[in-house]
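One structure is given below, encoded as structure tokens.
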Amino acid sequence: MPEHPIRVLVIGADHSSLCLGDGFDVRLEPTAETGRAVLADESTRIDCVVTHHGRVDCLEALEMLREGNPDVPCIVTLEPADRSIAADAIERGATDYYIANGSSSLLATRIRTAVGHPPRRTLERRNRRLETLVDNLPGIVYRCRNEPGWPMERIEGECEQITGYPAGAFERGDVSLGDDVVHPEDRERTWETVQDTLDAREPYEVTYRITTADGSTRWVWERGRGIYDDGDLAALEGFIADITERTEGERKRRRNQRRFEAVFDDPKTIVALLDLDGTLLQANQAAMAYVDEDRSAVVGEPFWETSWWTENVADKVEQWVERAAAGEYVGYETNLDPTNGENERISGTIRPVTNEDGEPTSLIASARNITDQRDRNRRLEQTRDQLAVLNQVVRHDLRNHMQVVRGQGRLLADHVDGDADQHLEAVLLAAEEAIDLTTTARELTATMSEDETELKRVLVHQTVTSVVESARSRYAGAEITVYGLGSDVAIEANEMFESVLHNLVQNAIIHNDSDRPKVEVSIDRRNDSVLVSVADDGPGISDRQKREVFGRGKKGLESPGTGVGLYLVRTLVEGYGGDVWIEDNEPRGSVFVVRLPIDEESVTSHSTERVD
């Protein structure tokens, strides 16, 4: 230790922040330029230099001071938040570093130690400190040549953890950073970025993807600089950090942001962003179209107190917000209070936006205008009421009258003969068809009046048996054969499935021009479907009629019927999730085929909760 006071040149600090105590002669300079001028003055002796990072850039100051004074000890003072700079400082020539902690006694000790050791031992100590830093850095420290592939001279740190390759593989040349590790799509860009920065003699920073030893892709950030020898580029030295988690998180955040913006800008969706206490933070243009106010008049107000809501709905809105803020996904359907005087109805949700821990941080309220749907439902209700009245008239009044006609006609059967007998038979047949028509009208009305058909498990063979037995008793002159009754399969349907088969069997008989109509009903299982076919030997149906016969009011054949029977067949079959079509029979006639999905298990019903 020298007997004279240690002369310390302090750059970027003042007396209020630096008190070294006795034995020190301190000179303060504000910048690295003025400090270098002091060191260049041969009449002034300086034993140690201290730079204070934050007030000056210590890394730039080190490079400037070391150019003409390589042997003067230099200590870098850092704030705790700048600890990561220590490694770069040591690498660029700092003798030691000091983390400011409010007391200068440790710094005084560091200065005395630095001044009291020869340069060689200072270098050894600096190397040991650098090795300690490297071992504790979350990344890779390297020195390589600036050649294609960047051949490594030395590589340390978390090399294998990040790349999957051991450090020795790089140093031996078995693995090339540029050719084997940098992602193929990023190689050219990364090389050009580094070369452009080196041309400007500046440190480089670049972010790119790497392909690890197991084939996975990771994101890294690299910072480095050129090392020059007599002005010539000798090597590159730098640091590589794994930023995969941060990069993926940022990409996910941007992706979610784009999705939110797409929803927020949807002209058909009302969207509002709320704070957890219900304060309106933002509302999109679609929402603002329902109020006669500027956005500034509603932003910052409690959501339930804004002019979207009527007074009797505001309390409910406040409750919905409270439930959503507690983490609940709240659905609602209610009326707005728009400025145009129309009674608009919306359906939407208020749902929480959560952080990584699942805790709500804000709320999103969104809704769609369902006014047209509401009006359609009202018109449908009116139509259903009208159908109910019509159904009552058809089922009760008309059916009763036709049953009277049929009954009286049968009483006349013993009192007529000759031509009159044929006329009476025509009357009775018309009465029977009219009564059948009332049954079809009742079933069609029931189908059209239901919001959602409640389906249950129906055994196909039982329904076919019931329909065939009924047809045999009613149409004694027809020959009806059944195949496949041993196929014990079930479908999802209801009691009106019997009407489907009844209409098909009845049509096969009454539209048949044979003296003794022949009808074959078959049940055939095909994988996960069942086919019920009704074949006849009648006149057949043209291809054009096959496409039209199931339409509402289409008769399909030249007959006095209304055509609603086959329309009912198609409506019911599609409601069961199946389809129906017509094929040609051989040698003549038609085959009506109904295909329905097989129900392997009992039907399970589902319901949706609505909040109004």
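May I ask you to say which residue of ARG27, ARG55 is modelled with pLDDT under 80 and either in the same structural domain as ILE99 (by the TED database) or in contact with an Asp or Glu (Cβ under 8 Å, 6 or more places away or on another chain) (or both)?
None of the other options fit; the residue is ARG55.
Take segment 148-196 and flag every residue that is surrounded by 19 or more Cβ atoms within 10 Å (Cβ to Cβ) and more than 18 Å from LEU236 (Cα to Cα).
The answer is ILE162, THR163, ALA169.
Residues to consider are GLU558, GLU586; find the one that is more than 22 Å from SER529 (Cα to Cα), open to solvent by 80 Å² or more (accessible area, probe 1.4 Å) and modelled with pLDDT under 50.
GLU558
Which residues, taken from segment 47-91, are crowded, with 17+ Cβ neighbours inside 10 Å and small (Gly, Ala, Ser)?
Hits for segment 47-91 are ALA61, ALA86, ALA87, ALA89.
Test GLY477 against the criterion of being modelled with pLDDT under 90, open to solvent by less than 80 Å² (accessible area, probe 1.4 Å) and not assigned by the TED database to the domain that holds LEU429, and give yes or no. Lay out the reasoning, then the answer.
On the way: modelled with pLDDT under 90: yes; open to solvent by less than 80 Å² (accessible area, probe 1.4 Å): yes; not assigned by the TED database to the domain that holds LEU429: yes.
Taking the combined requirement at face value, the residue satisfies it.
Residue by residue, here is whether (1) touching a residue at least 40 places away in the same chain (Cβ under 8 Å); (2) part of a loop (DSSP other than H, G, I, E, B) holds:
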| position | (1), (2) |
| --- | --- |
| GLU160 | no, no |
| GLY168 | no, no |
| GLU185 | no, yes |
| GLU188 | no, no |
| GLU205 | no, no |
| ILE210 | yes, no |
| ASP214 | yes, yes |
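Could you check, for segment 19-37, whether at least one of its residues is surrounded by fewer than 21 Cβ atoms within 10 Å (Cβ to Cβ), closer than 24 Å to VAL141 by Cβ and among the basic types (Lys, Arg)?
no
If I ask for residues that are assigned to a loop (DSSP other than H, G, I, E, B), within 20 Å of SER362 (Cα to Cα) and either open to solvent by 40 Å² or more (accessible area, probe 1.4 Å) or touching a residue at least 24 places away in the same chain (Cβ under 8 Å) (or both), which ones from segment 282-307 would you list?
Passing the criteria: VAL299, GLY300, GLU301, THR306.
Just checking, how many residues over segment 225-281 are closer than 30 Å to SER347 by Cα and assigned to a strand (DSSP E or B)?
So the first thing to find is which residues in segment 225-281 are closer than 30 Å to SER347 by Cα, and the list is 252-281.
In the following step, the residues that additionally are assigned to a strand (DSSP E or B) were identified as 269-274, 279-281.
So the answer is 9.
Can you tell me which residue among ARG525, ARG472, ARG547, ARG516 is at pLDDT 85 or above, basic (Lys, Arg) and in a helix (DSSP H, G or I)?
One residue alone meets the criteria, ARG472.
Applying the selection to segment 147-178, what residues are of a type in the set (D, E, K, R) and closer than 20 Å to GLY226 by Cα?
GLU147, GLU153, ARG154, GLU156, GLU171
Does LEU198 meet the test of being in a strand (DSSP E or B), among the aliphatic types (A, V, I, L, M) and not assigned by the TED database to the domain that holds GLU60? Can you show your working first?
Details: in a strand (DSSP E or B): no; among the aliphatic types (A, V, I, L, M): yes; not assigned by the TED database to the domain that holds GLU60: yes.
The answer is no for LEU198.
The values are calculated or read from the model by the stated rules, or taken from the named source; none is laboratory data. The structure presented is a predicted model; accordingly, all values stated were derived computationally and were not measured. Note that each Cβ is placed from the backbone with ideal geometry, even for glycine, and that neighbours are counted across all protein chains shown. To get the accessible areas, we keep the full protein, side chains included, count just its heavy atoms, and leave off ligands, DNA and RNA. Shrake-Rupley method; radii C 1.70, N 1.55, O 1.52, S 1.80 Å.
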